[in-house]
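The values are calculated or read from the model by the stated rules, or taken from the named source; none is laboratory data. Just so it is clear, the structure is predicted and the values come from calculations on it, not from any experiment. In this analysis, Cβ positions are derived from the backbone assuming ideal geometry, glycine residues included, and neighbour counts consider all displayed protein chains. Each accessible area value is taken on the protein alone, full model and side chains, heavy atoms only, with ligands, DNA and RNA left out. Shrake-Rupley method; radii C 1.70, N 1.55, O 1.52, S 1.80 Å.
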Amino acid sequence: MFAFRFSSVLLLALSLAAEVLGSPTTSTCRNPIKRKEWRALSRGEKKNYLKAVQCLGRKPAKFNADIPGATSRFDEFQGVHIQQTERIHFVGAFAIWHRYYLMEFERALRTECGWKAGIPYWDWTIDAESDIPMEEWSIFNSDDGFGGNGPYMDLPANSTLFPVPGRTGGGCVPDGPFTADKFLVGLGPSHNASIANPHCLKRDFSPEVVKYNLQKATWNEVLEQSNFGRFAKRLEAEPNWTTTNIHGGGHFGIGGSMGDMGDSYNSPGDPLFYQHHANLDRLFWDWQKISLPARLKDVSGPIYMFDYANAVGGNITLDFEINLGPLGKTKKLKELMDIRQKDICYTYV
Ligand SMILES: [Cu+2]
């Protein structure tokens, strides 16, 4: 009896001390969802993941009033990204909004389509630094990967599409699990989530863009930024080719000018969007881990797109609110900073 009382008093004292010190122990989750690198999955796991994505592409949309153009649950994610594109890129909240977006996509795969693990991430530095030609990278495998490049197509005359150097494709993905008979991109190229336009997934590889942008040296440069504002800005970089750009490098290296992945509004129409962004979120967490707990509280950067000089408005704070439309409730940024907390609970392995 005495021992019991003594230990409960001790436990109470310890948990009070932990709270005073701001220790995460009381709220840290015990069994985080593991997000593995694509290559670390077995062939069976890879196939199961791809099947889960196809499944989300077949599940009927639930939020027609909010995203009228969406046919499937997969489309709804694309639709929310379209609707919010101008609020979530080249702003302070970019990495945090995309963290939240991936969490909900992962939840949908797990709860609605039987996926058991976390979203696999794709460490493209491994491929970009290898001598293997891009078309042969394992992630684009037709058997247990995301399928490959579209056949080459000239840009249409008077095209206003972003001219991506070294583009080699542009047509429909011809192989793998996301060919038009198995999977359709529901929205785009319009920037209106009310316009349904089921079409084949298109890719337009640029090996040149990938090689230039997705090297470990750039990863390290982003990681070395001294505060969140600098980190966020370097992560997105300017949409031009004067600095290396790991966010844009993945989008334009795969989507080029004519592929879905290269369209800043519609890019989540390519299932590979989520592996690219999981890798960027891993980089965000790596950056946070360099100085925990300080970096769980460090946010800055503009509220408005490209407003790095705050000419239009101010900077974000921890109380700044973001939402996922019908796919997730409004959250303050401070609720999304620590991936170890109970209601987030995933880890990169
Ligand atoms: Cu985005």
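Some points to look at:
- Summary value for the chain: 23 percent relative contact order, contacts being C-alpha pairs under 8 angstrom separated by 6+ residues.
- Total charge dipole magnitude, the stretch 190-349, about the Cα centre, Cβ charges on Lys, Arg, Asp, Glu only, Debye to nearest 20: 440
- Kirkwood-based shape ratio for the stretch 217-349, expressed as Rg/Rh from alpha carbons: 0.95
- Residues in the stretch 172-207 reached by a label modelled at ARG58 [backbone nitrogen below 17 Å; 7 Å Cα→Cβ]: 176-186
- Using only side-chain charges placed at the Cβ, +1 for Lys and Arg and -1 for Asp and Glu, the dipole size of the chain relative to its Cα centre rounds to 1380 debye.
- Stokes-Einstein diffusion for the chain, with the hydrodynamic radius set to the Kirkwood value over Cα pairs and evaluated at 37 °C in a medium of 0.692 mPa s, equals 156 µm²/s.
- Here, P(r) means the percent of Cα pairs in each 5 Å bin from 0 to the largest distance; for the stretch 67-107 it is 6, 23, 28, 24, 14, 5, 0.
- Spin-label zone in the stretch 94-108 - amide nitrogen under 14 Å from a point set 7 Å from the Cα of ASP343 along the C-beta vector: 100, 104
- For the stretch 160-243, a Kirkwood radius taken over Cα pairs fed into Stokes-Einstein (25 °C, viscosity 0.890 mPa s) yields D = 155 µm²/s.
- Here is how the number arises for the chain: DSSP H runs of 4 or more residues each give -39500 (n - 2.57), the sum is divided by the residue count, and the result at 222 nm is -11500 deg cm²/dmol.
- Highest mobility in the GNM of the chain, judged by mean-square fluctuation with C-alpha springs under 10 Å and restricted to VAL210, VAL312, VAL80, is found for VAL312.
- The stretch 58-112 and the stretch 172-226: distance between their alpha carbon centers, rounded to Å: 16
- Accessible surface of the chain, 1.4 Å probe, proportion on carbon and sulfur as whole %: 57
- Here the dipole of the stretch 141-218 is about 240 debye; that uses its Cα centre as origin and unit charges on the Cβ of Lys and Arg (positive) and Asp and Glu (negative).
- Legend: residue pairs LYS297/LYS342; LYS233/LYS334; LYS36/LYS342, Cα-Cα distance threshold 23 Å; every pair lies within threshold.
- Amide H within-cut-off set for ALA196, under 5 Å, with H built and near neighbours excluded: none
- Unit Cα scatterers, Debye sum, the stretch 205-250: log10 I(q)/I(0) for q = 0.16, 0.26 Å⁻¹: -0.38, -0.90
- Relative contact order (%) - the stretch 264-349, alpha-carbon pairs under 8 angstrom, separation at least six: 17
- Listed residues ALA193, ALA294, ALA93, most fluctuating in the chain (Gaussian network, C-alpha, under 10 Å): ALA294
- Since only VAL185, TYR346, ASN279 are under comparison, the one whose Cα sits farthest along the positive direction of the charge dipole of the chain, derived from C-beta charges on Lys, Arg, Asp and Glu, is TYR346.
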